[in-house]
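Undergrad: Please read through the structure below; I'll follow up with questions.
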Amino acid sequence: STVTEICGRFARHPMQMQMPLIVGPLAFRSASENGKEAIRAACEQCGIAYAVEGSDSLPENGSCVLRVPGTDQGLEAAQRASASAVEISFDRKSDNSDQHQFADTIAAVRKKVDGQIPIGLSLGPENVRENVVRAVEARADFLVLDLVPVETDSEPAGDDELQTPRLSALSSAVVALRKQGHEEPIPIICRGGIRNGADVARIISIGCAAAVLDH
């Protein structure tokens, strides 16, 4: 069975998918309104989820991850009830210590959605074990692990060498969750450098619950 649920330790309703795939927000950025509707319809028909940024419109049906920044604007966007899950992202390039205030931000977003849907935290491949520990302590329901280092985020997707996913980061995240006894309760969603079904199968075999396709 390929049915996948992103459950929440502290959420009342899981996000459900027929397959462990999520279409990422990059697919929507250059699409027309008709194109966006076509992507949403295709995802719903195939039983997979899709992710949108906080400013994008949300669907009436289907599974949708709403990605919001860990800011006041992000908190307001998170209250949009038609999302199936919320992913909180912090600026990985910033040295501001506020990016590590995971607990307060997650608690604020959870209050906005009345504890109904899972709240996840976006992490990069840098300092994975330390950030996974922080995420667990902050009561995150799931993790979204970017497998591409921050310095290559702006590189063209066609550059195979720079866009190669850092699978060691996923292994480190799985080990960190296992040591804390949270490998099963806290699923990991991976994105970055994932090109095809073989890549998806590879990361799922390591311990990922679902993959974001974001070309």
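The values are calculated or read from the model by the stated rules, or taken from the named source; none is laboratory data. All of these numbers come straight from a predicted model, not from anything done at the bench. Neighbour counts are summed over all protein chains in view; Cβ atoms, including those assigned to glycine, are modelled from backbone coordinates with ideal geometry. Areas reflect the complete protein model, heavy atoms only, side chains present, ligands, DNA and RNA absent. Shrake-Rupley method; radii C 1.70, N 1.55, O 1.52, S 1.80 Å.
Undergrad: Cβ-Cβ below 7 Å, separation at least six or inter-chain, first residue in segment 108-137 and within 18 Å of PRO185 (Cα to Cα) and in a loop (DSSP other than H, G, I, E, B), second open to solvent by 10 Å² or more (accessible area, probe 1.4 Å) and among the aromatic types (Phe, Trp, Tyr): which pairs?
TA: Once the first residue is within 18 Å of PRO185 (Cα to Cα) and in a loop (DSSP other than H, G, I, E, B) and sits in segment 108-137, its partners that are open to solvent by 10 Å² or more (accessible area, probe 1.4 Å) and among the aromatic types (Phe, Trp, Tyr) give GLY115/PHE10.
Undergrad: Pairs under 8 Å by beta carbon, first residue more than 20 Å from ASP146 (Cα to Cα) in segment 46-74, partner outside any loop (DSSP other than H, G, I, E, B) and at pLDDT below 85, six or more apart or different chains?
TA: Listed pairs, sorted by first residue: SER55/ALA77; ASP56/PHE28.
Undergrad: Given (1) among the aliphatic types (A, V, I, L, M); (2) under 22 Å from ALA49 (Cα atoms); (3) modelled with pLDDT under 90, where does LEU162 come up short, assuming only one miss?
TA: (2)
Undergrad: Test ARG178 against the criterion of being among the basic types (Lys, Arg), open to solvent by 40 Å² or more (accessible area, probe 1.4 Å) and at pLDDT 95 or above, and give yes or no.
TA: yes
Undergrad: Also: Can you spot a residue in segment 80-88 that is at pLDDT 90 or above, in a loop (DSSP other than H, G, I, E, B) and among the hydroxyl-bearing types (Ser, Thr, Tyr)?
TA: Yes, segment 80-88 contains at least one residue that is at pLDDT 90 or above, in a loop (DSSP other than H, G, I, E, B) and among the hydroxyl-bearing types (Ser, Thr, Tyr).
Undergrad: Read through the list (1) over 13 Å from the mean Cα position of the chain (by Cα); (2) at pLDDT 90 or above, then give the number of the only condition that ALA49 fails.
TA: (1)
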